[in-house]
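So that we are looking at the same thing, I have put the structure below in C-alpha cells.
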Amino acid sequence: MAHAIVSSLLDQLKSIAQDQVKEKWRLVTGVEQEVGKLTTNLQAIQAVLEDAEQRQMKQDKAVTFWLDQLRDASYDMEDVLEEWITETRKLQLDEGGDDDDDDNDNAFVTLLTKVCSFFPAASNCFGGFKQLSLRHDIAVKIREISEKLDDIATRKDRFKFVENVSNNVKNPERVRTISLIDEGEVCGRVDEKNELLSKLLCESSEQQNGLQVISLVGLGGIGKTTLAQLAYNNDEVKRNFEKVIWVCVSNTFDQIRIAKAIIEGLGESASGLNEFQSLMSRIQSSIKGKKNFLVLDDVWDGDYNKWQPFFRCLKNGLHGSKILVTTRNESVARMMGSTDSISIKQLAEEECWSLFKQLAFFGCSFEDCEKLEPIGRKIACKCKGLPLAAKVIGNLLRSKSTVKEWQRILESEMWKVQEIGQDLLAPLLLSYNDLPSNSMVKQCFSYCTVFPKDCIMNKEKLIDLWMAQGYLNADEDEEMETIGEEYFNILATRSFFQEFEKNDDDNIRSCKMHDIVHDFAQFVSSKECLWLQINGTKESVIKPSGVKVRHLGLNFQRGASFPMSFFEFDRLRSLLIYDRSYSNGSLNGSILQELFSKLACLRALVISQFYISGSHHEANRIKEIPENVGKLIHLKYLNLSELGIERLPETLCELYNLQKLDIRRCRNLRELPAGIGKLMNMRTLLNGETYALKYMPIGISKLTNLRTLDRFVVGGGVDGSNTCRLESLKNLQLLRECRVEGLSNVSHVHEAERLQLYNKKNLLLLHLEFGRVVDGEGEEGRRKNEKDKQLLEALQPPLNVEELWILFYGGNIFPKWLTLLTNLRELKLFSCVNCEHLPPLGKLLLEKLTLYNLISVKRVGDEFLGIEESSVDDTSSSSSVIAFPKLKSLKIEDLDELEEWNYRVTRKENISIVPRLSSLEIDCCPKLNVLPDHLLQTTTLQELSIRGCPILEERYRGEDYHMISHIPHTKL
C-alpha cells in the first residue's frame, strides 16, 4: 500500500535530517533543499492517502493510476536515499571510520571531500576530487524524482481528497445480524454445535459471581454467527435460562446503543433513558436474581475500559448466567474474560458442497443438475470450506444455467469476478481496516501473497522478509525481531492466518492462509506480489502483463529452464527462487550473474535448490556465487542455505546493508570471506551444519550488531593470523544466541577469561561444544580433563541465559555456577563422559532437561534434586520443598552404566518432585532396573517412552504394569 511506503520514506528523510544535525554526514548545497521539499510534499500526500486508498478499493481507475505513480516514485526515491547512505557508509569504512572515530577531524574532512564529490552542485567545494565513481549521479536522481513527486502532489488536488479521513468519517458498519435462523439451511457444524451446547448447559465450578464467558473465534464468513444463532434458538437452552438476549455489537462500539439493546432484550423499555448511568442501573436491577444468557455477536472493540461497566452489571445475574461472544479477534476474546474459547474451522469438503448445491441448484431440473454437478464440485472446492464463499457463489450461479457460465467462474480468480468480489471481500475488508493504522501490519499482510495459495509459511522466514523490506522499523529500545513477532501475532489473532504448527514450547512455527484471504491480500496489494510455478512442459517465458511486480516467487518443477524474459526486472525488491527442476538450465552461475546485473533494487534474495545427495542430479547444483553479487547494495536478507558452494566471494562484503545471511547446511563451504567485518549491519549469521568450515575470519569481531551467531568455530585456520580467537566474541555485546564449537582448540584459559561471557546481558541461548571426547585415563585424557574443567569454569554465562547445552565436555565435575542460572529453561548435557555425578539441578526452573551419553554416571540420588539436607529434615516446616518445580520434559539416553535411580527424600511429606512432568523418555540405559515411584505417579505425566532398556521394559510390561497403566501414551 502507498501509505506504508510514504510513511517509510518520511521516516528515512527524518533520519537524514537528524544525522545532518549530529554531523554524522552533511547534506550538500542544493540537495538539502530538495530533501526539504520532498518532506513537505510527502506530508501533504500522506494526509490524503487514507481517502485515496478507500477510493481505490471502489475501483476508481483514475485514483488507482495516481497511487501507482506515487508508489513508483516513492520506491525510486527510497532506493536513491539508501544508495546515498550506503556509499557514505562505504567511505567511512574505507577511512577506518567504523571504530567510533567521528572526532577525528582529518578523517571527517577527507570524508566530506569525498561526499561532496558525489554531487555536481558541490563540485566547487573541493574541485576536481573524483575518488569515488558512482553508476549514476545521486544528486541528479534526487532532483528528477523530486520533480515527479512535485507533480504528483500537485495533481492530488484534482481528486478533492478528504484529509485524515479516519478522523472524520466512520467506517461503514457491516449488516446487523439477528437471532433468527432456518436450521434446515445449515450444513455441517454438528460437532461445534454439540460442543457449544455442552458448555452452555453444564454447570461449571470455575464460574465467578455467577458469570461465565464463552467465545466463538474465527475468520469473517466462517460461520460464527450461525453457530450462535443455533445455540440461541435451541429449546433446551431456552428452558435452561430465564432470559435469552441477542445483541449485535458490530464494528462500531456504541455503549448507549448496546445498553438499550440489552434492556429491550430483557423485555423492558429503554425509552426516556439516555444517560449511560441510568441504563446501567436498569440492566443491573433487571437481571438481578435471574439466570441469563446474553449473546454479543460480532465484537470488534478490545478496550476493556468500555466493557467493564457491562461486566459489573451482568455479574448480578443468578449463578449459571452466561455470555456468548463471537469475534474475529482472539485477543478480544481474552480481554472479555473468556473461560472457554472455540476456534471455528472450515467446513468439511462434503459439507461445503452441500451448502453450495442447495443454493446453486435451487429450482434446477434434474438434467441441469446432472450436467453442472462436475463443475459445481470443483467450484465448491475453491471455496475451501468457507461458508460465506459457498453462499455468495452459490447464489450467483442460481441465475446461470449454462456450462460456459459456470466454467468462467471456475477458471477465474474469485476476487476478479465483479458479481462475487464485493460481497465476498467486504467482510475481510472490515477486518483489514481494523488493523492498526500506525504501523505496517497491513503491508506485512499483503506481502504474504509472495507465497502461493495453500503454502506453509514459516514464521521466522516471513519475519525475515518483512524486516528486509523495512516494514519493522523499531525505536531505539526495541528489537525489529520483536516487532515482527508482534505483527505476526496481530494477524494470527485476527484470523488472517490458520492451521498453526507449534513447537514443543507451544510457540507458533508455521501457518497457512485461507485461499479467500490470499485472494483478498492480492487485491489490497495492488498486485505487487506474484508467485509463478514453471513446469518443464511449458515455455519458460514470463509475458509482460502491465503490472509492476515488486516481489516475485518462482518455483521450478522437473525439467523447467530459467526464464530470461522477466518484465520490470530492475524493480524487484524480493526474489524467492525454489529450484526443483534437476536441470542444468534452471539455475547456474552464469544465470545468476545475469540476474545480479539487473536486480539493483533487491532487498531479499532466496536461492533454494533441492537435490538428493549422491544422485547424478547433484552435478547441476550451484557451486559458486558470482562476484557481481556485491552490486546488490540494497540487499538485507540473503538466503543461500543448502547450496553446493565451497566459498563466498569477497565482493559479498560490499553488501553494507545486509542484516541476515543464511548459509545453513552448505556442507561444502570451507571459509567465510576475509572482509566479513565490513558487514556492520549484520544482525544474524546462520551457518549451522557447515561442517567443512573449520575456523572464523577475524572480521567477525567487528560485527557488533550481531544478535544470532549460529556457529562460531574456534581455531583451525591454516594461517593463524586470519583465525578468529574465542576472545573476539567479547565485542559482540548484543548477542542473543551463540553456538561455540571447537573449545578444545583454545590455547589458554585466559582467552575464555578475557571473553567475560557473564557480562553478555542479552545472551539467552548458549551452546558450548568442546570437541573430541578423550577418556580421563592416561596423560592426554588428564590434560584435557583439567583444561576443559578450567575453560568451562571461565565460561560462566550471564544469569539470565535461558537455554544451555554443554557438549563433549572432558572435565569430571560441572562448575558451581550451573546452579545459579535461575532463568534457565532448557539444559542439555551431551557426551560429558568423565562426569560421574549429575549436578544438583532441582532448584532451577528448568522446563526441559536432556542427559545424553554420560557413560560414567552409575547412580542418581538425592544430590540431583538440589535439596539441602536441612530442608529435608525440617518436617516442622509448613511449606513444602519442590524439586524441579517446572520441569515438563525429561530425556535420559545412553547412560550405559546407570544402575540405580532412587531418592531417599521421597519419604518426607514436605518434599515434592517434578510436579509438572508431562513427558519422560528413557533410551538405551541397559543396566537401569527401576524408575523412582514419584516419576510414574506424577498425575501430569502424559507420555512415557522406554526403549533399549531390557530390564525396565520387562518390569513395566509385567509385574509393575499397574505403575504405568494410567499414563495416556506409553511406548515400551
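The values are calculated or read from the model by the stated rules, or taken from the named source; none is laboratory data. This structure is a prediction, so every number in the text was calculated from the model and none was measured. Backbone-built Cβ (ideal geometry, glycine too); neighbour counts: all protein chains shown. Surface accessibility is based on the protein's heavy atoms, side chains included, excluding ligands, DNA and RNA. Shrake-Rupley method; radii C 1.70, N 1.55, O 1.52, S 1.80 Å.
Keeping to region 844-874, report how many residues are surrounded by fewer than 17 Cβ atoms within 10 Å (Cβ to Cβ), over 19 Å from GLU900 (Cβ atoms) and modelled with pLDDT of 90 or more.
2
For region 933-960, which positions are in contact with a Ser or Thr (Cβ under 7 Å, 6 or more places away or on another chain) and either in a loop (DSSP other than H, G, I, E, B) or of a type in the set (Val, Ile, Thr) (or both)?
THR940, LEU941, GLN942
Kindly indicate whether any position in region 411-425 is crowded, with 19+ Cβ neighbours inside 10 Å and either polar (S, T, N, Q) or at pLDDT 90 or above (or both).
Within region 411-425 (the criterion being crowded, with 19+ Cβ neighbours inside 10 Å and either polar (S, T, N, Q) or at pLDDT 90 or above (or both)), the answer is no, since none of the residues qualifies.
Let me ask something else. Give GLU485, GLU499 a once-over and let me know the one that is open to solvent by 10 Å² or more (accessible area, probe 1.4 Å), on the phi > 0 side of the Ramachandran plot and not small (Gly, Ala, Ser).
On the way: GLU485 fails: on the phi > 0 side of the Ramachandran plot.
The match here is GLU499.
What number of residues within region 814-843 satisfy the criterion of being open to solvent by less than 20 Å² (accessible area, probe 1.4 Å) and on the phi < 0 side of the Ramachandran plot? If you could, list the steps in order and put the result at the bottom.
Of all residues in region 814-843, those open to solvent by less than 20 Å² (accessible area, probe 1.4 Å) come to 815, 817-818, 821, 824, 827, 829, 831-835, 838-839, 841-842.
After this cut, where a residue has to be on the phi < 0 side of the Ramachandran plot as well, the list is 815, 817-818, 821, 824, 827, 829, 832-835, 838-839, 841-842.
Result for region 814-843: 15.
Each row is one residue, and each column tells you yes or no for (1) among the charged types (D, E, K, R); (2) more than 37 Å from the chain's Cα centre (by Cα); (3) at pLDDT below 90; (4) within 20 Å of ASN251 (Cβ to Cβ).
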{"residue": "SER269", "(1), (2), (3), (4)": "no, yes, yes, no"}
{"residue": "LEU279", "(1), (2), (3), (4)": "no, yes, no, no"}
{"residue": "ASP298", "(1), (2), (3), (4)": "yes, no, no, yes"}
{"residue": "LYS306", "(1), (2), (3), (4)": "yes, no, yes, yes"}
{"residue": "CYS313", "(1), (2), (3), (4)": "no, yes, yes, no"}
{"residue": "THR326", "(1), (2), (3), (4)": "no, no, no, yes"}
{"residue": "ASN329", "(1), (2), (3), (4)": "no, no, no, yes"}
{"residue": "MET335", "(1), (2), (3), (4)": "no, no, no, yes"}
{"residue": "SER341", "(1), (2), (3), (4)": "no, no, no, no"}
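Out of curiosity, is ARG257 closer than 18 Å to PHE311 by Cα, of a type outside the set (A, V, I, L, M) and touching a helix residue (DSSP H, G or I) at 6+ places or on another chain (Cβ under 6 Å)? Steps first, answer last, please.
Details: closer than 18 Å to PHE311 by Cα: yes; of a type outside the set (A, V, I, L, M): yes; touching a helix residue (DSSP H, G or I) at 6+ places or on another chain (Cβ under 6 Å): no.
Taking the combined requirement at face value, the residue does not satisfy it.
Further, regarding this structure: Go through the residues of region 23-38 one by one and say whether even a single one is open to solvent by 50 Å² or more (accessible area, probe 1.4 Å), among the hydrophobic types (A, V, I, L, M, F, W, C) and either within 28 Å of the chain's Cα centre (by Cα) or modelled with pLDDT under 70 (or both).
Just the residues of region 23-38 that are open to solvent by 50 Å² or more (accessible area, probe 1.4 Å), to begin with: 23-24, 26, 29, 32-33, 37.
Going one step further and asking which of them are among the hydrophobic types (A, V, I, L, M, F, W, C), we end up with none.
The answer is no, given that none of the residues of region 23-38 is open to solvent by 50 Å² or more (accessible area, probe 1.4 Å), among the hydrophobic types (A, V, I, L, M, F, W, C) and either within 28 Å of the chain's Cα centre (by Cα) or modelled with pLDDT under 70 (or both).
Across region 825-863, which residue is farthest from LEU887 (Cα to Cα) among those that are among the hydrophobic types (A, V, I, L, M, F, W, C) and either in contact (Cβ under 8 Å) with a residue 60 or more places away in the chain or in a strand (DSSP E or B) (or both)?
Residue satisfying both the conditions and the ranking: VAL833.
Can you work out which of the residues in region 288-311 that are touching a residue at least 24 places away in the same chain (Cβ under 8 Å) and in a helix (DSSP H, G or I) is most open to solvent (accessible area, probe 1.4 Å)? Don't jump to the end; show me each part of the working.
Applying the first criterion (touching a residue at least 24 places away in the same chain (Cβ under 8 Å)) to region 288-311 yields 288-304, 306-307, 309-311.
Among the residues that remain, those that are also in a helix (DSSP H, G or I) are: 304, 306-307, 309-311.
Numbers: TYR304: 104, LYS306: 70, TRP307: 4, PRO309: 35, PHE310: 6, PHE311: 22 Å².
Applying the filter and picking the extreme gives TYR304.
Related question: Exactly one of (1) part of a helix (DSSP H, G or I); (2) small (Gly, Ala, Ser); (3) open to solvent by less than 60 Å² (accessible area, probe 1.4 Å) is unmet by SER285. Its number?
Among (1) part of a helix (DSSP H, G or I); (2) small (Gly, Ala, Ser); (3) open to solvent by less than 60 Å² (accessible area, probe 1.4 Å), SER285 violates only (3).
So that you can scan it fast, the table gives a plain yes or no per residue for (1) touching a Ser or Thr at 6+ places or on another chain (Cβ under 7 Å); (2) open to solvent by 10 Å² or more (accessible area, probe 1.4 Å); (3) modelled with pLDDT under 95:
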site: ALA674; (1), (2), (3): no, yes, yes
site: ASN681; (1), (2), (3): no, yes, yes
site: TYR691; (1), (2), (3): no, yes, yes
site: ILE698; (1), (2), (3): yes, yes, yes
site: LEU703; (1), (2), (3): no, no, no
site: GLY717; (1), (2), (3): yes, yes, yes
site: SER721; (1), (2), (3): no, yes, yes
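Could you tell me which residue of region 359-374 is most open to solvent (accessible area, probe 1.4 Å), considering only residues that are farther than 11 Å from LEU397 by Cβ and hydrophobic (A, V, I, L, M, F, W, C)?
Out of the qualifying residues, it is PHE366.
Could you grab me the full set of residues in region 220-254 that are more than 24 Å from LYS291 (Cα to Cα) and in contact with a helix residue (DSSP H, G or I) (Cβ under 7 Å, 6 or more places away or on another chain)?
GLY220, GLY221, ILE222, GLY223, ASN251, PHE253
Scan LEU652, LEU592 and give me the residue that is at pLDDT 95 or above and either in a helix (DSSP H, G or I) or open to solvent by 10 Å² or more (accessible area, probe 1.4 Å) (or both).
Details: LEU592 fails: at pLDDT 95 or above.
Of the residues listed, the single one that is at pLDDT 95 or above and either in a helix (DSSP H, G or I) or open to solvent by 10 Å² or more (accessible area, probe 1.4 Å) (or both) is LEU652.
Then there is this: Quickly run through region 203-254 and pick out the residues that are surrounded by fewer than 19 Cβ atoms within 10 Å (Cβ to Cβ) and at pLDDT below 90.
Selection gives GLU203, SER204, SER205, GLU206, GLN207, GLN208, ASN209, GLY210, ASN251, THR252, PHE253, ASP254.
Taking ARG621 as meeting all but one of (1) in contact with a Leu (Cβ under 8 Å, 6 or more places away or on another chain); (2) modelled with pLDDT of 95 or more; (3) open to solvent by 10 Å² or more (accessible area, probe 1.4 Å); (4) of a type outside the set (Phe, Trp, Tyr), write down the number of the exception.
It is condition (2) that ARG621 fails.
Would you pick out the residues in region 466-482 that are surrounded by 15 or more Cβ atoms within 10 Å (Cβ to Cβ) and hydrophobic (A, V, I, L, M, F, W, C)?
TRP466, MET467, ALA468, LEU472, MET480
Identify the residue in region 912-932 that is buried (at least 21 other Cβ atoms within 10 Å of the Cβ) and in a loop (DSSP other than H, G, I, E, B) and, among all such residues, is farthest from the chain's Cα centre (by Cα).
First, pick out the residues of region 912-932 that are buried (at least 21 other Cβ atoms within 10 Å of the Cβ): 913-914, 917, 920, 922, 925, 928, 931.
Narrowing further to those that are in a loop (DSSP other than H, G, I, E, B): 914, 917, 925, 928, 931.
Details: VAL914: 32, LEU917: 28, CYS925: 39, LEU928: 43, LEU931: 40 Å.
The residue in question is LEU928.
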